[in-house]
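The values are calculated or read from the model by the stated rules, or taken from the named source; none is laboratory data. All values reported here derive from a predicted model rather than from experimental measurement. Virtual Cβ from ideal backbone geometry, glycine too; neighbours counted across all protein chains shown. What goes into the accessible areas is simple: the full protein's heavy atoms, side chains included, and nothing from ligands, DNA or RNA. Shrake-Rupley method; radii C 1.70, N 1.55, O 1.52, S 1.80 Å.
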Amino acid sequence: MARPRILISNDDGIHAPGIQALAAAASAMGDVTVVAPDRERSGAGHAISLYHPLRLTPHGEGRWAVDGTPTDAVYVGIHHVFRDGPPDLMLSGVNRGANLANDVTYSGTVSAAFEACLFGIPAVAISLTGGKPWDFEHAASVGVEVGRQVLAEGLPRGTLLNVNVPPGAPTDYRVTRLGRRSYGQAVDERRDPRGGRYYWIGGTEQDHDDIPGSDCNAVFDEGLISITPLHLDLSYDPLMAPLKGWRLEGLSQDTGDDA
Ligand code: MN
């Protein structure tokens, strides 16, 4: 393959050190274009801006900021910045913090990768699970190596790889499933200077279920890099048959079997 064209985005914003480390590492492998939110958009999920305009601001050679969500950035990146032809690979991250288990539907990092794979572009989401000191360079090099292999092997349409790298520069990895993770569920009520109530959600206490083979176990219990294949098809096969057995009053089921 000719030198691959790589689109990079994130949800921590274009100024975040994680995306700068990823762009630097990826530029050794291909031609990098960054299209990323202009500010912190963590937790934006797969939100897209349909009711307000978006501004695209240059940030130096091959770098663009979008005043929207991670999905907006990837959408504008693929369909406008790359309008002469799609990128060969999309990398998202390196996120500051884990994207494991049920994090993935909240995650702008993972959603940016999902947005790319919606348009047939193989994508890898990369997150650094640790705390200070954040070593984004090692996680970036892991993400680029996974991306290099994705370019060689390809990915089935509609799939992406979700990579989580623990602190301490580990080199051992495990292929995993999504686990289950919980946070402190308290809603922290406070008062503003005029006495009005406001709330902080999303506690920092965290725990995970002990599920062998899960991403959480690999990262938190064993210090391994976790690589989880994800698919956009969220349908749940085991519930199909029981659901077909339901009787909804006033409605009749078309079983689809008459074809
Ligand atoms: Mn983030």
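Yes/no per residue for (1) touching a Pro at 6+ places or on another chain (Cβ under 9 Å); (2) surrounded by fewer than 22 Cβ atoms within 10 Å (Cβ to Cβ); (3) assigned to a helix (DSSP H, G or I):
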position	(1), (2), (3)
T105	no, yes, yes
T109	yes, no, yes
E145	no, yes, yes
L155	yes, yes, no
V163	no, no, no
P170	no, yes, no
R174	no, yes, no
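Applying a threshold of 6 Å to beta carbon distances and a minimum spacing of six or more residues, or different chains, the list of pairs starting in the stretch 76-101 at a residue that is among the hydrophobic types (A, V, I, L, M, F, W, C) and modelled with pLDDT under 95 and ending at one that is within 14 Å of the ligand (Cβ to nearest atom) and not in a helix (DSSP H, G or I) is empty. For beta carbons closer than 6 Å, sequence separation of 6+ or different chains, a first residue in the stretch 142-158 that is within 15 Å of I121 (Cβ to Cβ) and a second that is open to solvent by 80 Å² or more (accessible area, probe 1.4 Å), the qualifying pairs are G158/H231. Scanning the stretch 1-22 for residues that are farther than 19 Å from G45 by Cα, surrounded by fewer than 23 Cβ atoms within 10 Å (Cβ to Cβ) and within 16 Å of the ligand (Cβ to nearest atom) yields a count of 3.
Is it the case that the stretch 187-195 has a residue that's exposed (fewer than 15 other Cβ atoms within 10 Å of the Cβ) and in contact with an Asp or Glu (Cβ under 8 Å, 6 or more places away or on another chain)? Within the stretch 187-195 (the criterion being exposed (fewer than 15 other Cβ atoms within 10 Å of the Cβ) and in contact with an Asp or Glu (Cβ under 8 Å, 6 or more places away or on another chain)), the answer is no, since none of the residues qualifies. Could you tell me whether the stretch 23-46 includes any residue that is open to solvent by 10 Å² or more (accessible area, probe 1.4 Å), within 14 Å of the ligand (Cβ to nearest atom) and of a type in the set (S, T, Y)? Checking the stretch 23-46: at least one residue is open to solvent by 10 Å² or more (accessible area, probe 1.4 Å), within 14 Å of the ligand (Cβ to nearest atom) and of a type in the set (S, T, Y).
Quick one: would you say I78 is in a loop (DSSP other than H, G, I, E, B) and over 19 Å from P229 (Cβ atoms)? Break it down into steps so the answer makes sense when it comes.
Numbers: in a loop (DSSP other than H, G, I, E, B): no; over 19 Å from P229 (Cβ atoms): yes.
No; evaluated as a whole, the condition is false for this residue.
Here the stretch 207-236 is the region considered, the condition is being out of contact with any helix residue (DSSP H, G or I) (no Cβ under 7 Å at 6 or more places or on another chain) and assigned to a strand (DSSP E or B), and the residue that is surrounded by the most Cβ atoms within 10 Å (Cβ to Cβ) is S214.
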